[in-house]
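Undergrad: Take a look at the following structure, please.
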Amino acid sequence: MADSSQNSSLPVLSNGPVTDCGGCGACCMELSVPPFLDDIDFLPLELQQEVIAARMEESTRAAQGLPCIWFDVQTLKCRHYEHRPNVCREFETGGDCCLETRERRATVLKIERKRSEGSQV
């Protein structure tokens, strides 16, 4: 299980234009299971089974604030990047949704930091 303290240093906001996902993972932190639609049929069978099993626990994972099962919090990269869902492939890096997701994640991280420091939120 992921430790939320591991996620407290994600550099989700940048000072300049966002041109790649490197060092972020904000969108992966908001979804606990890869968001496959019909494209799951194109995955290798073992990855299909992994996603289907995770979907059975999706509400529990989401309630615990766990990231996507494929997101590696150490490397801040997708463990199965070559098999990522079309939704992830089409997510526009630096677009409005990307920037909003990064902003939301930064807010969550600030709250988590204050809680861990014993401050009132």
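The values are calculated or read from the model by the stated rules, or taken from the named source; none is laboratory data. Just so it is clear, the structure is predicted and the values come from calculations on it, not from any experiment. Cβ coordinates were reconstructed from backbone atoms using ideal geometry, including for glycine residues, and neighbour counts include every protein chain displayed.
Undergrad: When the residues of the range 1-36 are narrowed to those that are assigned to a helix (DSSP H, G or I) and surrounded by fewer than 14 Cβ atoms within 10 Å (Cβ to Cβ), which ends up modelled with the highest pLDDT?
TA: The extreme case among them is Ser9.
Undergrad: Take the range 30-73 and flag every residue that is under 24 Å from Leu99 (Cα atoms) and either touching a residue at least 60 places away in the same chain (Cβ under 8 Å) or hydroxyl-bearing (Ser, Thr, Tyr) (or both).
TA: The answer is Glu30, Ser32, Gln64, Gly65, Leu66, Pro67, Val73.
Undergrad: I would also like to ask the following. Go through Arg102, Arg79 for me and flag whichever is basic (Lys, Arg) and at pLDDT 95 or above.
TA: None of the others qualify; the one that does is Arg79.
Undergrad: Could you look through the range 74-96, keep only residues that are in contact (Cβ under 8 Å) with a residue 24 or more places away in the chain and in contact with a Cys (Cβ under 8 Å, 6 or more places away or on another chain), and pick out the one that is nearest to Leu47 (Cα to Cα)?
TA: Applying the filter and picking the extreme gives Arg84.
Undergrad: Here's a check for you: in the range 73-89, which residue that is within 19 Å of Gln49 (Cα to Cα) and of a type in the set (D, E, K, R) is farthest from the chain's Cα centre (by Cα)?
TA: For the range 73-89, the residue satisfying everything is Glu82.
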